[in-house]
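Chemist: I have a structure I would like to understand better, so I am pasting it below and will then ask my questions one at a time.
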Amino acid sequence: AQSVTQPDARVTVSEGASLQLRCKYSSSGTPYLFWYVQYPRQGLQLLLKYYSGDPVVQGVNGFEAEFSKSNSSFHLRKASVHWSDSAVYFCVLSGGNTGGLSGKLTFGEGTQVTVIS
Amino acid sequence: DPKIIQKPKYLVAVTGSEKILICEQYLGHNAMYWYRQSAKKPLEFMFSYSYQKLMDNQTASSRFQPQSSKKNHLDLQITALKPDDSATYFCASSQPGLDYAEQFFGPGTRLTVL
């Protein structure tokens with residue numbers, strides 16, 4: 001069975017400070033990993049995705065994530081946050097043993113990020 | 001212009017009634033999905049459709065029935081509504097057959113069952 005764990009339910013960070021959100025995954029096959037963001041009262045938007053190659057992937061708005069197969073992790077980082085980064089961030093897993101037929105995404109619980117001035 | 005339209009945005013229903021949640025996508029995708037976001041739970045996958053055919057159903061209850069009348073439509077009919085069905089329901093779409101394909105999400109329909 002596939003699963004995603006985000007150990008931090010809430011993170012508060014000062015504007016201009018760095019941000020790291022943790023994500024651990026469990027997958028029986030090749031993992032395809034995503035970070036999505038949900039702004040208040042909106043749908044989900046893709047920040048970045050990883051499916052092969054360089055373990056560090058760049059996303060929108062200065063976000064990047066690092067994949068580690070040995071640690072089963074896909075942590076998200078941003079060097080300097082802005083107040084507009086306040087949102088819920090979801091680590092998401094696809095693939096594994098579905099053979100590409102299902103398209104099922106498995107979501108972590110989400111991390112609520114609050115940026116304070 | 002919104003690429004995935006979900007209607008209505010908010011919905012209030014009484015226990016035992018039936019409702020249909022509408023989803024239309026204008027991204028030219030051939031795969032569509034439904035997810036549910038309940039309070040204090042992660043988003044849960046419900047259904048996936050590819051070329052208007054059901055690919056995966058992770059919903060335990062037959063009260064939830066997707067309906068695909070057109071290639072770019074995937075509505076969700078919910079019968080015999082219960083208070084536990086209260087959640088925000090998200091429709092998504094992507095190109096089919098690629099687990100790494102980005103899924104685009106609609107704005108959601110927030111359902112409250114009294």
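Chemist: Any chance you could count how many residues in the range B:42-52 are on the phi < 0 side of the Ramachandran plot, in contact (Cβ under 8 Å) with a residue 12 or more places away in the chain and not hydrophobic (A, V, I, L, M, F, W, C)?
Modeler: 4
Chemist: Oh, and also: Where residues in the range A:58-70 are buried (at least 20 other Cβ atoms within 10 Å of the Cβ) and either among the charged types (D, E, K, R) or within 20 Å of B:L98 (Cβ to Cβ) (or both), which of them is nearest to the other protein chains (Cβ to nearest Cβ)?
Modeler: Here the answer is A:F67.
Chemist: Which residue pairs have Cβ atoms closer than 7 Å, lie 6 or more positions apart in sequence or on different chains, and pair a first residue in the range B:15-39 that is at positive phi with a second residue that is at pLDDT 95 or above and outside any strand (DSSP E or B)?
Modeler: Hits for this filter: B:G16/B:A80; B:G16/B:L81.
Chemist: Can I ask one more? Given the condition within 14 Å of another protein chain (Cβ to nearest Cβ), in contact with a helix residue (DSSP H, G or I) (Cβ under 9 Å, 6 or more places away or on another chain), assigned to a loop (DSSP other than H, G, I, E, B) and aromatic (F, W, Y), answer yes or no: does some residue in the range A:28-44 qualify?
Modeler: yes
Chemist: State the number of residues belonging to the range B:84-114 that are of a type in the set (A, V, I, L, M, F, W, C), more than 7 Å from chain A (Cβ to nearest Cβ) and under 21 Å from B:S50 (Cα atoms).
Modeler: Qualifying residue count, the range B:84-114: 4.
Chemist: Just one of (1) in contact with a Ser or Thr (Cβ under 7 Å, 6 or more places away or on another chain); (2) at pLDDT 95 or above; (3) of a type in the set (A, V, I, L, M, F, W, C) trips up A:V57, so point out which.
Modeler: Unmet condition: (1).
Chemist: In this structure, is A:V11 at pLDDT 95 or above, surrounded by fewer than 18 Cβ atoms within 10 Å (Cβ to Cβ) and part of a strand (DSSP E or B)?
Modeler: The answer is yes for A:V11.
Chemist: I need every pair where a residue in the range A:57-74 that is among the polar types (S, T, N, Q) has its Cβ under 7 Å from the Cβ of a residue that is surrounded by fewer than 16 Cβ atoms within 10 Å (Cβ to Cβ), sequence separation at least 6 or different chains.
Modeler: Close Cβ pairs (under 7 Å, with a partner that is surrounded by fewer than 16 Cβ atoms within 10 Å (Cβ to Cβ)) amount to A:S68/A:P55; A:S72/A:S26.
Chemist: Is it the case that A:V115 is β-branched (V, I, T), within 14 Å of another protein chain (Cβ to nearest Cβ) and either over 12 Å from the mean Cα position of the chain (by Cα) or not in a helix (DSSP H, G or I) (or both)?
Modeler: When the stated conditions are applied, A:V115 does not pass them.
Chemist: Quick check on the range B:46-78: of everything there that is among the hydroxyl-bearing types (S, T, Y) and within 13 Å of another protein chain (Cβ to nearest Cβ), which residue is surrounded by the most Cβ atoms within 10 Å (Cβ to Cβ)?
Modeler: Looking at residues that are among the hydroxyl-bearing types (S, T, Y) and within 13 Å of another protein chain (Cβ to nearest Cβ), I get B:S48.
Chemist: Let me confirm something: among A:P31, A:P40, which residue is of a type outside the set (K, R), surrounded by fewer than 20 Cβ atoms within 10 Å (Cβ to Cβ) and within 25 Å of B:R36 (Cα to Cα)?
Modeler: It is A:P40.
Chemist: Of all residues in the range A:36-62, which are of a type in the set (A, V, I, L, M, F, W, C) and either over 10 Å from the mean Cα position of the chain (by Cα) or under 28 Å from B:Y10 (Cα atoms) (or both)?
Modeler: Listed by number, the residues that qualify are A:V37, A:L44, A:L46, A:L47, A:V56, A:V57, A:V60.
Chemist: Is it the case that B:A31 is surrounded by 13 or more Cβ atoms within 10 Å (Cβ to Cβ), small (G, A, S) and modelled with pLDDT of 95 or more?
Modeler: No.
Chemist: Follow-up question, since we're still on this one. Would you point out which residue out of B:L43, B:L81 is of a type outside the set (V, I, T) and away from every other protein chain (no Cβ under 12 Å)?
Modeler: Of the residues listed, the single one that is of a type outside the set (V, I, T) and away from every other protein chain (no Cβ under 12 Å) is B:L81.
The values are calculated or read from the model by the stated rules, or taken from the named source; none is laboratory data. Predicted model only: the values in this text are computed from it and were never measured. Virtual Cβ from ideal backbone geometry, glycine too; neighbours counted across all protein chains shown.
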